[in-house]
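This report refers to the structure that appears directly beneath it.
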Amino acid sequence: MKNNNNNTQEQKLKQEFLFDTINYKILLIGIAVIALGFILMSGGGSTDPNVFNEEIFNFRRIRLAPTTVLIGFGITIYSIFKKSK
């Protein structure tokens, strides 16, 4: 009798995670995509402060990087709302 009571207490003490493993995998993918977007945004600076560098206004920094960051945020939001089976 005492063994059954002890076993049920152990089951109650078991901590359950909020999400499944697939949710965490999707979340990590989303964070990686966000990090990639910020990496794409970086660079393009000038070594001389008196010289303006037009490289800051190219397609990668104006269109591609912010779109990548928004897609990453969408992936992370999807990972939070995905239902567990």
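Excluding ligands, DNA and RNA, what is the solvent-accessible area per residue of the stretch 21-81 at a probe of 1.4 Å, expressed in Å²?
Per residue, the stretch 21-81 has an accessible area of 72 Å².
Tally Lys/Arg at +1 and Asp/Glu at -1 over every other residue whose Cβ is under 15 Å from the Cβ of TYR78; what's the total?
Value of the local net charge: +2.
Starting from 0 in steps of 10 Å, tell me what percent of the Cα-Cα pairs of the stretch 21-81 lands in each bin.
Once binned at 10 Å, the Cα pair distances of the stretch 21-81 give 24, 36, 23, 12, 5, 0.
Roughly how many percent of the accessible protein surface of the stretch 21-81 is carbon and sulfur, given a 1.4 Å probe and a whole-percent answer?
Of all accessible area on the stretch 21-81, carbon and sulfur atoms account for 73 percent.
Report the full-extension gain for the segment SER46 to LYS85: residue separation times 0.36 nm, less the Cα-Cα distance, to one decimal in nm.
This chain segment gains 8.8 nm when fully extended.
The values are calculated or read from the model by the stated rules, or taken from the named source; none is laboratory data. As the structure is a prediction and not an experimental result, all values here were calculated from the model. Neighbour counts are summed over all protein chains in view; Cβ atoms, including those assigned to glycine, are modelled from backbone coordinates with ideal geometry. Side chains included, ligands, DNA and RNA excluded: accessible areas come from the protein's heavy atoms. Shrake-Rupley method; radii C 1.70, N 1.55, O 1.52, S 1.80 Å.
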